[in-house]
1. State the number of residues belonging to the range 200-220 that are touching a strand residue (DSSP E or B) at 6+ places or on another chain (Cβ under 7 Å) and modelled with pLDDT of 95 or more.
2. List pairs: first in the range 48-65 and among the polar types (S, T, N, Q), second open to solvent by less than 80 Å² (accessible area, probe 1.4 Å), Cβ under 6 Å, 6+ apart or cross-chain?
3. Could you check how many residues of the range 197-211 are farther than 12 Å from residue 169 by Cα and either without any contact (Cβ under 8 Å) to a residue 24 or more places away in the chain or of a type in the set (Val, Ile, Thr) (or both)?
4. For the range 109-148, give me each residue that is of a type in the set (Ser, Thr, Tyr), open to solvent by less than 10 Å² (accessible area, probe 1.4 Å), more than 19 Å from residue 73 (Cβ to Cβ) and without any contact (Cβ under 8 Å) to a residue 60 or more places away in the chain.
5. Would you please list the contacts, defined by Cβ atoms under 9 Å and residues six or more apart or on different chains, that run from a residue in the range 177-196 that is without any contact (Cβ under 8 Å) to a residue 40 or more places away in the chain and surrounded by fewer than 16 Cβ atoms within 10 Å (Cβ to Cβ) to a residue that is in a helix (DSSP H, G or I) and not hydroxyl-bearing (Ser, Thr, Tyr)?
6. Is there a residue being at positive phi and out of contact with any Pro (no Cβ under 8 Å at 6 or more places or on another chain) anywhere in the range 77-89?
Amino acid sequence: RISHFSFRFATIVSVSTDRLNISEIFLSLQGEASRAGQPCVMVRLAGCNLRCAWCDSEYAWTGGESMSLEEILAKVVELGCSRVEVTGGEPLTQPASLELLRQLCEAGYETLLETNGSVDISLVDPRVVRIVDFKCPSSGQDDQNLWANVDGLRREDEIKFVIADRTDYEYAVSAIRRFDLLNKCPVLFSPIFGRLHPSELAGWILEDKLDVRLSLQLHKIIWPECERGV
């Protein structure tokens, strides 16, 4: 399968010389969402338009290395996995991320995008699975949510709410009802690691009989000592 990717890669990258600011590219297990536990190449772009109070990847707010699409795709091919997630930071603040996502789809990868909910997703290639992380009050950025993104979601996409406390939980439940989110796509509730115990969030979900998925940060459970690259 990888040889097939390599062939497709060679036919695609010659058409673009766009560059992206990259924080890191690495092979890991998917830590969150419905594909948790599955191998995945993580392409983390640097730069973010938000400053969430609990962000666990502040190192990606700035810095990074300028790489061409050719270099990025070559690294993805080298890591030898059929699943790729483009994340950040916030990937969609860099216009060339749209072309990267398109080229990954053309090369035959299962392509995922994690985006922070504040940027228009309508131009993203429709083959990409969009994981939209709408912000709750504890982030300090909930006023930046672009709820118009809900209109473009499909069943294969996912919505995530990172939950720090009961206020966040009630905010997320209110959003589910206001925008009929459970009829749009799967909804995930992720407790902030080390701040809200998963059992407490699980109890709230069960009490309300809420048809959402409890999403734990698996990579932090497996590699608790690592801050990046996992």
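1. 6
2. 49/90; 49/93
3. Summing the residues that are farther than 12 Å from residue 169 by Cα and either without any contact (Cβ under 8 Å) to a residue 24 or more places away in the chain or of a type in the set (Val, Ile, Thr) (or both) in the range 197-211 gives 6.
4. Matches in the range 109-148: 115 only.
5. Note: pairs meeting the criteria are 178/147; 180/150; 182/176; 194/220.
6. Yes, because at least one residue in the range 77-89 is at positive phi and out of contact with any Pro (no Cβ under 8 Å at 6 or more places or on another chain).
One line per residue, one yes/no per condition, for (1) part of a loop (DSSP other than H, G, I, E, B); (2) farther than 22 Å from residue 191 by Cβ; (3) open to solvent by 10 Å² or more (accessible area, probe 1.4 Å); (4) of a type in the set (D, E, K, R):
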residue	(1), (2), (3), (4)
40	no, no, no, no
47	yes, yes, yes, no
81	yes, yes, yes, no
92	no, yes, yes, no
103	no, yes, no, no
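The values are calculated or read from the model by the stated rules, or taken from the named source; none is laboratory data. The shown structure was predicted, so the numbers you read here are calculated from the model rather than taken from an experiment. In this analysis, Cβ positions are derived from the backbone assuming ideal geometry, glycine residues included, and neighbour counts consider all displayed protein chains. In case anyone asks, the SASA skips ligands and DNA or RNA and just uses the protein heavy atoms, side chains included. Shrake-Rupley method; radii C 1.70, N 1.55, O 1.52, S 1.80 Å.
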